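Data first, discussion second: the structure below is written as structure tokens.
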Amino acid sequence: MLVSREAARRLMIEKQLIADFPNEVSKGRIYDTVDALGCLQIDTISVVERAHYLTLWSRLGPYDKEHLHDLAYKDRRLFEHLAHAACYIPFDDYRFYLRSMEVSRGKMRERFARRSRADPALLDAVLQRVADEGPLASKDFEGEKKKKNGGWWNWKPAKIALEYLMRAGILLVHHRENFQKYYDLAENVIPPGVDTTEPSDEERVRFFAFRTLRALGLAKPQELRKYFFNWSVKLDWTSKQLQGLMDELVVEGEVERHGIEGKKNPYYCLPGDSGRLQELETGDFGFDDVRLHIYFDNLLWNRERIEELFGFKSKLEVFLPREERVYGYYHLPVLYGDRLVARLEPKMDRENGVMIVRGYWVEEGFEPTGDYEEKLQGNLESFARFHGAREIDWIAEGKLNWKPHRRVPT
């Protein structure tokens, strides 16, 4: 079946659970959202709320952030590890990450020595302290301070050791305090009943293929290598091998093959989604609201895919020098229905309780309507409330026919 880009991106939006905000958000609803996405990216940038909180907010609206904390560190339904990046991952999927842990373990000592310029024996010393004393944070180890302008590789050696031991699956994050990680032996973190038998290579690849299709709707074989895997832990199957797997799954009736208008490569989806694609072609799409999304949101991870389906050029600029930025340091794409139509740069003034909008850019070819601007205002007010802001201060220049209320409605 040949489908339009509109139907493909609408299915993606639905599979990403972007819909009207629910009236109430339970802990179970938060877990179900993470489970449907497959993983939830964690990031340290705090110009506004951190990435893991905002990815959930874009789907659920305001919620109790302690629920996410409980799911990871009290209920033990989620664990921290590398997927697309550092992520919260359902413990039900733990066994499928054992291979990446094994790969990291094999390269751990060499990589640690290269990054830290310290004796690999420090890995053993750090591990022994955790084994003897229980959960420890990097601050519990003496060593050099982090260089002001360095990346993570300039951490003190003990902190690097903790991170590599976690990547290897020897340690896991036991809990966090003020966002700082406390590490413990993996066996002390993994809850009873979690399957720890390592799957076969094919079983693992099939698992991630189905997981990716569940989260994206339609996907090309090469996209199966990008959703769950980052630069340091890559899926060790080539695009040709993945194409062969998808062909097998078509024969087995486990997936179905489709084409997208204007695209040469075949796309694949789960059988239950083919009927929904046909419905979406006829305009049966229930989401017509506005959502702010961060670039660390699962929806926006694959820049090439977003440009193909939405015609939107993603541009995360936090790592660029000021003079090279086209938009803002931490600007957020604006989703309106099934289109990405604008970018907005917020900054939370926590001391004064003000959400500042520093930049706003409308995409070429989009003409804002009254409906769009009303919904943008409503979503921005929800965004501000989630941050505890009492006011919105719109100082941005840009194409705008309204000014948001300075006072945030309660």
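Data for the structure
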read-out	value
Charge tally in the Cβ shell below 11 Å around Ser46, where Lys, Arg are +1 and Asp, Glu are -1, Ser46 excluded	+1
Residue-averaged 222 nm ellipticity for the chain, from DSSP H runs of 4+ at -39500 (n - 2.57), nearest 500	-11500 deg cm²/dmol
Mean separation of Cα contacts under 8 Å, 6 or more apart, over the residue count of segment 290-394: relative contact order %	24
Listed pairs Lys226/Lys264; Lys139/Lys347; Lys240/Lys264; Lys27/Lys313 exceeding 26 Å between Cα atoms	Lys139/Lys347; Lys27/Lys313
Extreme residue, positive dipole direction of segment 180-223, given options Leu218, Val194, Phe207 (C-beta unit charges)	Leu218
Relative contact order (percent, whole number), the chain, Cα cutoff 8 Å, 6+ residue spacing	18
Cys residues of the chain counted as unpaired, since no other Cys beta-carbon is under 4.7 Å	Cys269
Peptides ranked, highest mean first, by Cβ atoms within 10 Å: ranges 188-200, 108-120	108-120, 188-200
Shape category assigned to the chain from the gyration tensor of Cα positions, a/c cut at 1.5	oblate
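Laboratory data are not the source of any read-out in this text; all were calculated from the coordinates shown. Since the model is a prediction, treat every value here as computed from it, not as a measurement. Cβ atoms come from the backbone with ideal geometry, glycine included; neighbour counts cover every protein chain shown.
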